[in-house]
Structure formats: structure tokens, C-alpha cells
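Note sheet for the following structure.
Bear in mind these aren't lab numbers, they're just calculated from the coordinates by the rules spelled out. Please read all numbers here as calculations on a predicted model, not as lab measurements. Here the Cβ positions follow ideal geometry from the backbone for every residue, glycine too, while neighbour counts run over all protein chains shown.
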Amino acid sequence: MLDYEVLSKLQEEALGALQAAADAAELDAWRIRYLGRKGGALSEAMKRLAVLAREERPAYGQAANEVKERLEAAFGEREEALKSANLRAELTAGAVDVTLPGRRPELGHLHVVTQTLRQIIAIFGEMGFQVYEAPDVETDEYNFGLLNMPPYHPARDMWDSFWVSQEDQSTGSGERLVMRTHTSPGQIRVMRERYPEPIRVILPGKTYRYEQVSARSESQFTQVEGLAVGRGIRMTDLIGTLQAFASKMYAAGRRLRVRGSYFPFTEPSIEADMDCMLCGGKGCVVCKYTGWLEVAGAGMVHPVVLRNGGYDPKIYSGFAFGFGVERPSMVKYGIKDMRLFYGNDLRFVEQFK
Ligand code: PHE
């Protein structure tokens, strides 16, 4: 009788301990402790068979086996229960809460100069001008020669130039390369490509000058060139076009004045001023109390330039203009230093979202 009590005690204790096993390691320890073949509690209990009276052995053996089976079954159940509990815990821990609001991706935006360029392009687009893009690196020939400035022409001094060193040149033609000092070389490219079609294009792009960098000048800036070539194009067409542009860009009724000027590639040449958009022409610091802001260099395309572009100046005429983009933007937005445009300071850039 005593022997059976030991067995049922053992079973009770083992089942209790099994419920307390909370993870795989504890479960394993439990298995070794109770069901282990060597030194496990049940194996030890089996050893009693040897000392029991012969007739008691079968009954005891059977009882011990039953306990063993019960414990094994309980172990299997507990193992399953722990596994699925673990799985459930893992799933809840790694779950994505789809109701959380997402993190907003940082979106960039267009640079103030690009925004302005797009406005300019749209306005000229309404007037029938297409956009033509010419290269930033030009030959001496295109930047100067074909624009009526042969080598040693004094007017070349109007544009301090960045030359591309000979070693860097892959053309092999021996022609000097220069970072274009203005967008005007594009005039020749358009004419040579479009002849004998009439032309109305604007050429926006970066230009480069070897200048002392200051609040008012940068060595890289943006220009927009305009070119119209056809039959019977006159100075009044040029002035009217600039006038219309100024009104659309800066406010209706902007007044324009033109002064005689000089450029080797236009004849006659003019410079166009717009009444100051800040003081309305009354005079202020920005317009240096003149009431006027310079907006563009312009003129009628020089016959030599027309001919270099392939257009016979006896049949065709044209006008051209060129203006910078940063300076008028400085006036419009009250930007005090030109270096801010390409200084990559987000505090500046983000003001133009
Ligand atoms: N290319 C001139 C400059 O950069 C501007 C200009 C363009 C003048 C077209 C006349 C005609 O100063």
C-alpha cells in the first residue's frame, strides 16, 4: 500500500511542477527530473520492483507504467500549450498597428530660381516662344567669335571668362573652350538648326563669369535669352515683347524705358529699365533713388550674327534680349545677398516652398 502512495504522490508532485514550468528550458528540466531514464524520479520508483515480493510486482509495475504514461501525456500537452502561447506572444509583439498615422516623407520643392524660370517660360510660352537649351560649355567661337567678337576684340572684356584648361578638353580640335559667359551663343545654335524657319525662342540657363563674388555678384548665375528672327521684325516688336513680359511677370501696367547701349551682337543695342516694383518709381534704396531697375540688354540682331546663323540679313531681321534671373528675384523677394541662392542653406531655400 505504501508503495502505491509513493507513486501517486510522485504523480501529484510531478503534475504540479509541470504547470509551473513556464518555458522550454524549465520544461526540459522537468522532463529530465521526472521522466529521465537515468536518475529520473520515475526510473527510481521502478527500481523498487526489485525489492518487492514476486506477487506484488505486476500490480506495482502496471501502476508505475500508468503514472509514466500519464506524465508523458501531460508533458506533451504542456509542451503544446507553451508553444502556442509563445507563438501568440510573438505575433502580438510584432504586430503592425495599421491604425497608426504614417510618418510623412520629407518632400523637396523647387528652388526659387527654378520656380521663377518656370514662370518666365510660361509667360513667353503664351507669346509663342519655345524653350531651347544650349550647352553650358562653349567654344570660344560660339561664345565670342560668331557673336561678332573676333579674337582680341575689345568687347570681350565685357565678360570675364572661365576658360577650360586645354588638358581637360576632349574635342582635340584645338579650339578653346569656355564656360559660357552669357546665353547669347545659343542664338547661333538655334539659327543654324532652324534656318530657314522663323524663330521665336527663349534660352534659359546657367552662365559663368570670373567675377569678384559679393552680395551683388556671383560667378555662376542664371540668364534668359530671347531670340526672334523672321521677316519684318522691328525694334517696336522687341520693346512690346519686353513690355508685355514685365507686366505679366511683375504686375500689370509696369512701365518700361529704353536707353541706347552697346553689344557687339546687336545693332542698334538698347538696355531696358522697368519702373521699380518696390517704390513704384518714386525712388528707394533698391533702385538707388532713380525709380528704375535695369532689366535687360537687348537689340536688333546684328547683320553679321544673322549671317553667321545662316540667315541673309537682306531678307531677315530679328531681335534678341538677355536678362539675369537672380537680380530681379532679389528685388521681388527682398533678398539682400546673391550668395544665398546657391549657398545651400536650407533656412533660405525653405522660405520659397
Ligand atoms: N548677352 C548679353 C549679356 O550677357 C545680354 C544681351 C543679350 C544683349 C542679347 C543683347 C542681346 O550681357
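Structure summary
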{"quantity": "Likely footprinting exposure, Arg231, Arg118, fewest C-beta neighbours within 10 Å first", "calculated": "Arg231, Arg118"}
{"quantity": "Cα long-axis angle, helix 185-194 against the chain (0 to 90 degrees, to the nearest 10)", "calculated": "90 degrees"}
{"quantity": "Mean ellipticity per residue at 222 nm, deg cm²/dmol - from DSSP H runs of n ≥ 4 across the chain, formula -39500 (n - 2.57)", "calculated": "-12000 deg cm²/dmol"}
{"quantity": "Compactness index (Cα Rg / 2.2 N^0.38 Å), the chain", "calculated": "2.19"}
{"quantity": "Cβ crowding within 10 Å averaged over residues, with 70-77, 304-311 ranked highest first", "calculated": "304-311, 70-77"}
{"quantity": "Burial order of peptide ranges 289-296, 100-107, 200-207, 146-153 (average beta-carbon count within 10 Å, highest first)", "calculated": "200-207, 289-296, 146-153, 100-107"}
{"quantity": "Whole-angstrom gap from segment 287-329 to segment 142-167, using each part's C-alpha centre", "calculated": "18 Å"}
{"quantity": "Nonlocal amide H pairs with Thr266, under 5 Å, H built at 1.01 Å", "calculated": "His302"}
{"quantity": "Derived scalar couplings ³J(HN,Hα) [segment 340-349; Karplus, 6.51 cos²θ - 1.76 cosθ + 1.60; whole Hz; x for Gly, Pro]", "calculated": "5, 4, 10, x, 6, 8, 4, 4, 7, 4"}
{"quantity": "Burial order of peptide ranges 27-35, 184-192 (average beta-carbon count within 10 Å, highest first)", "calculated": "184-192, 27-35"}
{"quantity": "Unit charges at the beta carbon, dipole of segment 27-110: most positive-side option, Ser43, Gly76, Leu107", "calculated": "Ser43"}
{"quantity": "In nm, spacing of pseudo-spin labels at Val96 and Asn65 (7 Å Cα→C-beta vector)", "calculated": "5.6 nm"}
{"quantity": "Over segment 2-93, equivalent-ellipsoid semi-axes from the Cα gyration tensor in Å", "calculated": "32, 11, 9"}
{"quantity": "Cα principal axis extents for segment 236-304, largest first, Å", "calculated": "41, 23, 13"}
{"quantity": "Förster-model FRET efficiency, 45 Å R0, Leu87 and Leu110, C-beta, rounded to 0.05", "calculated": "0.30"}
{"quantity": "Cross-link reach list, aspartates and glutamates versus Lys248, counting only Cα pairs under 12 Å and skipping chain neighbours closer than eight places", "calculated": "Glu126"}
{"quantity": "Sequence-distant lysines (8 or more away, or on other chains) whose Cα lies within less than 16 Å of Lys9", "calculated": "Lys68"}
{"quantity": "Length gained when the stretch Glu26-Asn344 is fully extended (0.36 nm per residue, less Cα-Cα span)", "calculated": "108.4 nm"}
